[in-house]
Structure formats: structure tokens, C-alpha cells
Number of protein chains: 2
Amino acid sequence: MMRQKKTNRDLVVEVATSLFLNKGYLATSMDEIVATSKVSKTNIYYYFSSKEDLLSAILDQLIQTYRGLIAEIASQHALSVYERITALLQLLANQELSCLGGCPFLTLYTQLPPDAHAIRAKVGRFFLDQVDTVDKLLQMGIERQEFKAGLPSRPTAQLIVSAVEGGLFLQHAGQDDTLLEQALSTLALLLK
Amino acid sequence: MMRQKKTNRDLVVEVATSLFLNKGYLATSMDEIVATSKVSKTNIYYYFSSKEDLLSAILDQLIQTYRGLIAEIASQHALSVYERITALLQLLANQELSCLGGCPFLTLYTQLPPDAHAIRAKVGRFFLDQVDTVDKLLQMGIERQEFKAGLPSRPTAQLIVSAVEGGLFLQHAGQDDTLLEQALSTLALLLK
């Protein structure tokens with residue numbers, strides 16, 4: 001029975017993620033999630049108290065997945081720092097989820113109701129942690145002389161995470177899926 | 001009579017811009033625009049055939065305003081190219097309009113209905129034109145030896161526009177209004 005429940009919850013999260021990202025959070029009704037997932041409304045409300053609660057759970061899951069992937073790359077001590085930063089950029093640049101705005105976090109964030117402060121803060125925290133991770137890698141790279149001496153690590157980390165987010169959006173808006181890779185290769189070269 | 005009509009149209013655009021950016025496009029009803037602007041629904045529908053048509057007009061106006069400001073900075077021949085690029089970054093980084101996602105274009109773009117292809121293409125075109133403008137400035141700066149020789153101008157221009165867009169979002173999500181300025185100063189230094 002626990003297994004059945006888990007499967008239904010996963011199914012609802014999967015269906016709602018796709019609808020929220022490709023059609024829009026506000027444009028998606030709970031009825032549509034019921035119809036697409038074939039999970040009853042009663043069952044959905046057993047797991048999630050509201051559509052906003054479901055969105056919050058989706059963001060938690062996305063954040064947890066990306067945190068794991070980022071931590072894994074950052075700790076690959078066999079790789080040079082440059083290689084780890086490049087791998088990190090590739091991970092962030094190759095979002096597998098299709099969505100309205102290029103990046104799932106940005107897409108969900110800009111659709112949040114104005115009063116959804118806790119969810120907004122959660123997304124903000126996630127990006128600050130990304131900046132922290134890149135900052136630490138850059139510091140290590142500067143120490144090991146892989147990057148320019150005197151490179152200011154914090155603002156450079158902010159620049160890198162900004163470029164990834166903005167590049168995902170521009171790539172989507174400009175219908176050009178080579179933009180981000182080219183821009184990030186250039187950035188990586190500028191750091192050397 | 002023409003003057004009165006123009007004033008009402010402007011008022012509707014102004015009110016709808018603020019509501020779409022701060023509350024959300026889908027979350028705003030035409031009734032709310034009527035109530036806030038005090039312009040009758042009949043009068044609004046005289047100017048705009050639908051809410052989507054109103055959104056399209058808002059984007060046209062925002063794009064026209066920014067195109068003018070960008071062209072003005074790009075053509076200031078008394079300034080060095082570096083100064084013009086810095087001024088351009090300042091213009092784009094200091095968005096006066098408050099909105100859900102940091103940048104008005106990004107905020108409206110991610111809220112567009114999936115089938116709003118023409119409006120989406122319009123936003124895409126606007127950003128490609130920004131990349132073109134920065135690309136031309138960079139080429140000029142490389143010729144004049146203000147920037148690194150061999151700097152690849154196109155991907156660097158994509159990187160700059162991406163960093164501005166992503167930085168606006170990160171700044172909003174992280175509640176840190178110094179992030180973009182620091183990131184962009186670092187980028188400007190890396191180009192030299």
C-alpha cells in the first residue's frame with residue numbers, strides 16, 4: 001500500500017511539473033492534473049493541500065536533484081578545477097526539461113503568486129548556494145594557478161551563474177540552441 | 001476627442017503593465033484592469049481586441065523605449081567603446097519597473113500562453129538585436145585596441161546580454177541589489 005501511494009504521488013508530481021513548465025502554473029488547474037495523471041482529486045489532496053503546495057514540492061524535488069548533481073561535480077578531485085567548472089556549466093546549460101522560459105527554476109519563479117514569499121526565498125537560496133559552490137571552486141582554481149591571479153572570485157561566480165540563467169532564457173527566446181555553449185566557452189577562456 | 005482617446009489608451013497600458021509585471025499576466029483579469037484604470041470595458045476593447053493583444057501592445061511599447069535608449073548610447077561617438085558598453089550595461093541593469101522576475105521582458109515572456117508564438121518571436125528578435133548592437137561595439141573596441149585582441153565578439157556579446165538577463169533574475173531571487181553591478185564590473189575588466 002505504501003508503494004501504491006508513493007507511485008501516485010510521483011505520478012502527480014511528474015504530470016504537474018510538465019504542465020506547470022510547458023503550459024504555465026496559473027493556466028493549469030487541479031482538474032487538469034487529475035485528468036492527465038488519472039489520480040483522483042481526493043488522493044492528490046491527501047498529498048498536497050493546494051496547488052501552491054504541489055508547486056512547492058516540485059521545486060523541492062528539482063532543487064534536491066540539482067544540488068546532488070552540483071555537489072557530485074564539485075567534489076570530483078581527480079579533475080582540475082577548470083574541468084569541474086566546465087562540467088558544472090554543461091550540467092546547468094543542458095536542462096533536459098522543456099519549459100516556457102528556458103530554465104525550470106526561472107520559469108516557475110516568475111509565475112509564482114506575489115505573496116508566495118517562502119517558495120521564492122527557497123529558489124533564491126538555491127541560486128545563492130550555486131554561487132557559493134562556484135566561488136569556492138574559483139578560489140581553489142586561483143590558488144592552483146589555473147585561473148588569473150587576482151580574479152575576484154565572488155563577483156566572477158555571480159557572473160557565471162547569471163550568464164547560465166540568462167543564456168538559457170536567451171537561447172529559448174532566440175530559438176538558438178548553440179548560444180549558451182558559445183557564450184560559456186568564451187567566459188571560461190576569459191578566466192584563464 | 002483624439003486627445004481623450006489617447007489618454008485612455010495610455011492609462012490602460014500603464015495600469016496593465018504594472019498589474020502584469022507585479023501580479024502576473026494570467027492572474028490579472030480584464031475586469032481588474034477596468035476597475036484600476038477606471039476606463040470602461042467597451043473603451044478598452046475599442047483599443048485592444050483581447051488581453052493578449054494588450055500584452056502585445058505593452059511589449060511593443062517597452063521594446064520601442066529600450067531600442068531608443070540602446071541606440072542613443074551606442075551612437076555616442078564622443079565616448080570610448082568601453083564607456084559606451086559600460087553605459088549600456090548600466091541602462092539594462094537598472095530596470096526601473098518592479099516585476100516578478102527582475103526583468104520586465106523575461107517576466108512577461110515566461111508568462112506567455114504556449115501558443116503566443118508571434119509575441120514570443122518579437123521578444124526573441126529584441127534580444128538578438130541587443131546582441132547585434134553589443135557585437136558591433138565589441139568589434140569596434142577590438143579594432144581600437146580597447147579590448148583584448150582576438151576576443152570573439154559574437155559569443156562575448158551573447159555572454160554580456162545573458163549575464164545582464166540572468167543577473168536581473170538572480171538579483172531578484174537573492175534579494176541582493178548589488179549582485180549585477182559587481183558581476184558586470186568583473187566582466188568589463190575581463191574584456192580588457
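Across the stretch A:106-192, Cα-Cα pairs more than 20 Å apart make up 47 percent of the total.
In the full protein context, the stretch B:5-122 carries 45 Å² of accessible surface per residue, based on a 1.4 Å probe and ignoring ligands, DNA and RNA.
The stretch between B:Lys23 and B:Glu83 holds 18.0 nm of extra length on full extension. This uses 0.36 nm per residue minus the Cα-Cα distance.
Cα-based radius of gyration for chain B, normalised by 2.2 N^0.38 Å, reads 1.16.
Taking the Cα atoms only, what angle lies between the long axis of helix A:81-93 and the longest principal axis of chain A, rounded to 10 degrees? Approximately 30 degrees, to the nearest ten. If you average the C-alpha positions of the stretch A:19-47 and of the stretch B:35-91 separately, how far apart do those two centres end up, in angstrom? So the separation of the two Cα centres works out to 36 Å. Across the protein assembly as shown, Cα-Cα pairs farther apart than 33 Å form 35% of the total. Mean per-residue shielding of peptide B:23-35 is 2, counting Cβ atoms of other chains within 10 Å of each Cβ.
Using a 1.4 Å probe over protein heavy atoms, the accessible area lost on pairing B with A, summed over both chains, comes to approximately 3700 Å². Each other residue within a Cβ distance under 10 Å of A:Tyr25 adds +1 if Lys or Arg and -1 if Asp or Glu, for a net charge of +1.
Which whole-number percent is the relative contact order of chain A (Cα, under 8 Å, 6+ apart)?
20 percent
With the helix formula -39500 (n - 2.57) applied to DSSP H stretches of n ≥ 4, chain A reaches a computed 222 nm mean residue ellipticity of -24000 deg cm²/dmol. The value of relative contact order for the stretch B:113-181, using C-alpha pairs under 8 Å at least six residues apart, is 24 percent.
In terms of its Cα atoms, the stretch B:49-137 spans 45, 24, 19 Å along the principal axes, sorted from long to short.
Relative to the longest principal axis of the Cα atoms of chain B, helix B:2-22 runs at roughly 70 degrees.
Taking 18 Å as the straight-line reach from the Cα of B:Lys41, the aspartates and glutamates in range (excluding those fewer than 8 positions away in the same chain) are B:Asp10, B:Glu14, B:Asp31, B:Glu32, B:Glu52, B:Asp53.
The values are calculated or read from the model by the stated rules, or taken from the named source; none is laboratory data. This structure is a prediction, so every number in the text was calculated from the model and none was measured. Note that each Cβ is placed from the backbone with ideal geometry, even for glycine, and that neighbours are counted across all protein chains shown. What goes into the accessible areas is simple: the full protein's heavy atoms, side chains included, and nothing from ligands, DNA or RNA. Shrake-Rupley method; radii C 1.70, N 1.55, O 1.52, S 1.80 Å.
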